[in-house]
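Structure record follows, encoded as structure tokens.
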Amino acid sequence: MEPPRIGFYICFALPWLFLLVSAVPTIALFVRRLHDSNLSGFFAFLVFVPLVNGLIVLILAVRLSVPEGARFDR
């Protein structure tokens, strides 16, 4: 069996690496946005609920910031 060539790594491994590297900052930004809306960061786990996750995440992300959300800044 021949070892994988460089094209394999560029086409398949590199996108997976980018996904893993960008996942943590993306989740951190979403939790910060939830805190600005005075919601718990645990709502970020709604991303893992099938079928409804996109709609719920979109609705929670576009909510307005409220001054009470500053309690998470401490």
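The values are calculated or read from the model by the stated rules, or taken from the named source; none is laboratory data. What you are looking at is a predicted structure, and each value in this text was computed from that prediction instead of being measured. Cβ sites come from the backbone with ideal geometry, for glycine too, and all protein chains shown count toward neighbours.
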What number of residues within the range 55-69 satisfy the criterion of being within 12 Å of the chain's Cα centre (by Cα) and either under 16 Å from Ala23 (Cα atoms) or among the charged types (D, E, K, R) (or both)? 1
Which residues, taken from the range 41-61, are modelled with pLDDT of 80 or more, over 19 Å from Val24 (Cβ atoms) and not aliphatic (A, V, I, L, M)? Pro50
Cross-chain or 6+ apart pairs with Cβ under 7 Å, the range 59-74 first and farther than 15 Å from Gly41 by Cα and exposed (fewer than 11 other Cβ atoms within 10 Å of the Cβ), then at pLDDT below 80 and among the acidic types (Asp, Glu): none
It is to be established whether one or more residues within the range 22-45 are surrounded by 13 or more Cβ atoms within 10 Å (Cβ to Cβ) and among the aromatic types (Phe, Trp, Tyr). yes
